[in-house]
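Asker: Below: one structure in structure tokens.
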Amino acid sequence: MSRLFGTDGVRGMANADLTPELALSLAAAAARVLAEHDTTHRPVAVVGRDPRASGEMLEAAVTAGLTAAGADVLRLGVLPTPAVAFLVAELDADLGVMISASHNPMPDNGIKFFAKGGLKLSDELEDEIEARLGQTSGRPTGAGVGRVTDVPDAVSRYIDHLLVSTPHDLHGLKIVVDCANGAASTTAPQAYRRAGAEVIAIHAEPTGLNINDGVGSTHLDVLQAAVLEHGADLGIAHDGDADRCLAVDGAGAEVDGDQIMAVLALALKDAGELKDDTLVATVMSNLGLHLAMKEHGVRLLTTAVGDRYVVEELRAGGYSLGGEQSGHVILPSHATTGDGLLTALRLMARVAATGKPLSELAGVMRRLPQVLINVRVADKAAVAVAETVSQAVAEVTAELGETGRVLLRPSGTEQLVRVMVEAPSQDEAHGAATRLAEVVSAVG
């Protein structure tokens, strides 16, 4: 039987895969597991959501499940995922629940849990919750039933935290922010204006039905056009729950997560705040990031794909900065998870403090052309041990030398092998990736 929890909580089509009954059961199980781990007090949970229509239904179900299991609920309303993580710690709660499917289309939704302190749950705790689904014995009655309280200042508390974590004001900057008609629609424009920027907000009118609909961090073309139209210094793009951001410079060129990490790493290094001069990224980060960091005396550690693995490495080494090419960036001194608003504020603060345009700052890293081919196979395990595949990889790696990179990665959920090649030119990357894909296909 497949595991219910994925890499980022439980996700599926709302009211089909992710039903109110499942949401209620998940929340009740989470409350029971937490209560058993700490019997000293009645559990308290904070609950937030993004603005998609099904979030109202699932918020009601989650709240019912938590209170039925004896947990008190602090209801936050619509706000970004990292705000929920922050408020778990800020409000001294035992559990955080975010109802969102991030960058997924509107019909989808998801449930993401945070433990005490605002950290994502461990695999072990998720397994415990999954094992307790459907349990109905031991329900409290009378005064034992949980109570629900709204937190009217949730957004302002979060923005205050963001501003304290921003090292330089943004006066003089004109920016465009694409809120994806999502959870950042109110919060991001407020935060950036309070930091001093002139803000033009687009796609900041959520209807519950238009989240991520051709907008936000997965559709940068609209933001690029808006930056040029308004003569802005830069643009910021969030996804539906604002746990990540991408950027656009004043000329309309994309600035991806790797480039953002490069800018922030050098800013922290200059300030003496980059622990052990180390940056943590995943194996999917562009070779250009590796080369740029090496040139500037920054060590780059790589992890498996997924922000949870980045967080684990950051915590293990006490490091200051990590993230993913997709724009999930973690600054552990200020946040327990990827925070798109915090990332954007730190990026814009670097622009304001140096007086340099984002294009110049991001230019510290040259993105090498990257080609990714997904090869469907019958047995991805057989590909992993095939001598013809390892020989082909060795040949291409030798041809590219230090100017390129090869990565073969089996899918975690499908019989696919992902073939990724970076090279000095698009033609070289495409040619090498195609050759390797053919070898993989022949084995699989």
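The values are calculated or read from the model by the stated rules, or taken from the named source; none is laboratory data. As the structure is a computational prediction, the values presented were derived from the model and not from experiment. Note: ideal-geometry Cβ built from the backbone for every residue, glycine included; neighbour counts use all protein chains shown. Keep in mind that these areas ignore ligands, DNA and RNA; they rest on the heavy atoms of the full protein, side chains included. Shrake-Rupley method; radii C 1.70, N 1.55, O 1.52, S 1.80 Å.
Asker: Scan Ser185, Ser156 and give me the residue that is closer than 20 Å to Ala85 by Cβ, out of contact with any Asp or Glu (no Cβ under 8 Å at 6 or more places or on another chain) and modelled with pLDDT of 95 or more. Spell out how you get there, then give the answer.
Answerer: Values: Ser185 fails: out of contact with any Asp or Glu (no Cβ under 8 Å at 6 or more places or on another chain).
Exactly one of Ser185, Ser156 is closer than 20 Å to Ala85 by Cβ, out of contact with any Asp or Glu (no Cβ under 8 Å at 6 or more places or on another chain) and modelled with pLDDT of 95 or more, namely Ser156.
Asker: Can you find, within the range 287-306, the residue that is nearest to the chain's Cα centre (by Cα) among those that are under 23 Å from Asp8 (Cα atoms) and either of a type in the set (Phe, Trp, Tyr) or open to solvent by less than 20 Å² (accessible area, probe 1.4 Å) (or both)? First the steps, then the outcome.
Answerer: Initially, the range 287-306 is screened for residues under 23 Å from Asp8 (Cα atoms), giving 301-306.
Checking which are either of a type in the set (Phe, Trp, Tyr) or open to solvent by less than 20 Å² (accessible area, probe 1.4 Å) (or both) leaves us with 303, 306.
Details: Thr303: 15, Gly306: 9 Å.
Filtering the range 287-306 for residues that are under 23 Å from Asp8 (Cα atoms) and either of a type in the set (Phe, Trp, Tyr) or open to solvent by less than 20 Å² (accessible area, probe 1.4 Å) (or both), the one nearest to the chain's Cα centre (by Cα) comes out as Gly306.
Matching residues to (1) farther than 25 Å from Ser185 by Cα; (2) at pLDDT below 95; (3) open to solvent by 10 Å² or more (accessible area, probe 1.4 Å):
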residue: Arg3; (1), (2), (3): yes, yes, yes
residue: Ala45; (1), (2), (3): no, no, no
residue: Gly48; (1), (2), (3): no, no, no
residue: Arg52; (1), (2), (3): no, no, no
residue: Glu59; (1), (2), (3): no, no, yes
residue: Leu76; (1), (2), (3): no, no, yes
residue: Ala101; (1), (2), (3): no, no, no
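Asker: Do we have Leu228 as open to solvent by 10 Å² or more (accessible area, probe 1.4 Å), within 18 Å of Ser359 (Cβ to Cβ) and under 20 Å from the mean Cα position of the chain (by Cα) here?
Answerer: Taking the combined requirement at face value, the residue does not satisfy it.
Asker: Just to be sure I understand the filter: pairs with C-beta atoms under 9 Å, separated by 6 or more residues or on different chains, first member in the range 429-444 and among the basic types (Lys, Arg), second member open to solvent by 30 Å² or more (accessible area, probe 1.4 Å). Which pairs pass?
Answerer: Arg435/Glu395
Asker: While we're looking at this one, here's another question. I need the full set of residues from the range 151-176 which are out of contact with any Gly (no Cβ under 7 Å at 6 or more places or on another chain), buried (at least 20 other Cβ atoms within 10 Å of the Cβ) and not in a helix (DSSP H, G or I), in order please.
Answerer: Within the range 151-176, Thr166, Leu173 qualify.
Asker: Could you tell me which residue of the range 105-141 is farthest from Pro206 (Cα to Cα), considering only residues that are more than 20 Å from the chain's Cα centre (by Cα) and of a type in the set (A, V, I, L, M)?
Answerer: Ala131
Asker: Okay, moving on. Kindly establish whether Asp108 is acidic (Asp, Glu), modelled with pLDDT of 95 or more, buried (at least 18 other Cβ atoms within 10 Å of the Cβ) and over 25 Å from Glu36 (Cβ atoms).
Answerer: The answer is yes for Asp108.
Asker: Right, here's the next one. Out of Glu21, Glu36, report the one residue that is surrounded by fewer than 24 Cβ atoms within 10 Å (Cβ to Cβ), under 30 Å from Thr207 (Cα atoms) and over 20 Å from the mean Cα position of the chain (by Cα).
Answerer: That would be Glu21, the only listed residue that is surrounded by fewer than 24 Cβ atoms within 10 Å (Cβ to Cβ), under 30 Å from Thr207 (Cα atoms) and over 20 Å from the mean Cα position of the chain (by Cα).
Asker: Just to be sure, is Val148 surrounded by fewer than 16 Cβ atoms within 10 Å (Cβ to Cβ), of a type in the set (Val, Ile, Thr) and free of Cβ contacts under 8 Å to residues at least 24 places away in the same chain? Before you say what the answer is, go through the steps one by one.
Answerer: Details: surrounded by fewer than 16 Cβ atoms within 10 Å (Cβ to Cβ): yes; of a type in the set (Val, Ile, Thr): yes; free of Cβ contacts under 8 Å to residues at least 24 places away in the same chain: no.
For Val148, the condition - surrounded by fewer than 16 Cβ atoms within 10 Å (Cβ to Cβ), of a type in the set (Val, Ile, Thr) and free of Cβ contacts under 8 Å to residues at least 24 places away in the same chain - is not met.
Asker: Determine whether Ala226 is in contact with a helix residue (DSSP H, G or I) (Cβ under 8 Å, 6 or more places away or on another chain) and either closer than 24 Å to Tyr158 by Cα or not hydroxyl-bearing (Ser, Thr, Tyr) (or both). Full working, then the answer.
Answerer: Details: in contact with a helix residue (DSSP H, G or I) (Cβ under 8 Å, 6 or more places away or on another chain): no; either closer than 24 Å to Tyr158 by Cα or not hydroxyl-bearing (Ser, Thr, Tyr) (or both): yes.
Against the criterion (in contact with a helix residue (DSSP H, G or I) (Cβ under 8 Å, 6 or more places away or on another chain) and either closer than 24 Å to Tyr158 by Cα or not hydroxyl-bearing (Ser, Thr, Tyr) (or both)), Ala226 does not qualify.
Asker: Conditions first: (1) open to solvent by 10 Å² or more (accessible area, probe 1.4 Å); (2) modelled with pLDDT of 95 or more. Lys116 passes all but one, so which condition is the exception?
Answerer: (2)
Asker: For the range 335-426, please list each of the strands (runs of 3 or more DSSP E) lying entirely inside it that holds at least 2 residues being open to solvent by 40 Å² or more (accessible area, probe 1.4 Å).
Answerer: 370-376, 405-410
Asker: Take the residues of the range 250-261 that are touching a residue at least 60 places away in the same chain (Cβ under 8 Å) and more than 17 Å from the chain's Cα centre (by Cα): which is surrounded by the fewest Cβ atoms within 10 Å (Cβ to Cβ)?
Answerer: Within the range 250-261, the match that is surrounded by the fewest Cβ atoms within 10 Å (Cβ to Cβ) is Ala251.
Asker: Name the residue, out of Asp92, Asp127, that is assigned to a helix (DSSP H, G or I), out of contact with any His (no Cβ under 6 Å at 6 or more places or on another chain) and either open to solvent by 40 Å² or more (accessible area, probe 1.4 Å) or among the polar types (S, T, N, Q) (or both).
Answerer: Unique residue meeting the criteria: Asp127.
Asker: Further question: Could you look through the range 231-249, keep only residues that are small (Gly, Ala, Ser) and out of contact with any strand residue (DSSP E or B) (no Cβ under 6 Å at 6 or more places or on another chain), and pick out the one that is most open to solvent (accessible area, probe 1.4 Å)?
Answerer: Result: Gly231.
Asker: A further question follows. Residue under question is Leu162, and the condition is that it be under 30 Å from His41 (Cα atoms) and among the hydrophobic types (A, V, I, L, M, F, W, C); does it hold?
Answerer: Working: under 30 Å from His41 (Cα atoms): no; among the hydrophobic types (A, V, I, L, M, F, W, C): yes.
In short, no.
Asker: Something else about it: Could you list all residues from the range 314-333 that are touching a residue at least 12 places away in the same chain (Cβ under 8 Å) and surrounded by fewer than 20 Cβ atoms within 10 Å (Cβ to Cβ)?
Answerer: Passing the criteria: Arg315, Gly317, Gly318, Pro332, Ser333.
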